[in-house]
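Note sheet for the following structure.
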Amino acid sequence: MRLKNIVLIDSDIFFARAFIEKVNQLGDFQVHHFLTFKEAYVNVADIYPELILTEHELSDCAGVNIISELLRRSPLSKLIMLSKQTDVAVIDEAYKKGAAKYFRKDVLLMDQIAGIISGFFPSDYPVNKKIVAAL
């Protein structure tokens, strides 16, 4: 079975490590982590990710400003914005630019990763059955 590719763009190394560890427990996923938008932009078209997760507060730009560019570069991908940001204007802007979902980064987010990811893959996908069993 082909691995499903997920791109994570986040300069928070600790969050990225925890996220990757959680996703690795689900199996059949390959997480490609990039610290900056520039790194992700250069690589995303070659990865063909099914799912892109980006933080809003990146070191080289604001995540909400790169949503359109990432989706143009990888048009079959779904994009999720993750952020500590609670400003409703930023959240609205993320949706307007093409984000499929917006999740606030907090201590509870890690407990929700399996459910978040399962929402972007068909229910008959074998990994999704593992995810549902893990919930």
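The values are calculated or read from the model by the stated rules, or taken from the named source; none is laboratory data. All figures in this text were calculated on a predicted structure; none of them were measured in a lab. Counting neighbours? That spans all protein chains shown, and the Cβs are built from the backbone with ideal geometry, glycine included.
Can you say whether residue 28 is more than 15 Å from residue 110 (Cβ to Cβ) and either in contact (Cβ under 8 Å) with a residue 40 or more places away in the chain or of a type in the set (Phe, Trp, Tyr) (or both), as far as the supplied structure shows?
The answer is yes for residue 28.
Screening the stretch 1-113 for strands (runs of 3 or more DSSP E) wholly inside it with 2 or more residues that are crowded, with 18+ Cβ neighbours inside 10 Å and at pLDDT 90 or above returns the ranges 4-9, 29-34, 51-55, 78-83. Based on what the data block shows, is residue 128 part of a helix (DSSP H, G or I), within 19 Å of residue 5 (Cβ to Cβ) and either modelled with pLDDT under 90 or under 13 Å from the mean Cα position of the chain (by Cα) (or both)? Taking the combined requirement at face value, the residue satisfies it.
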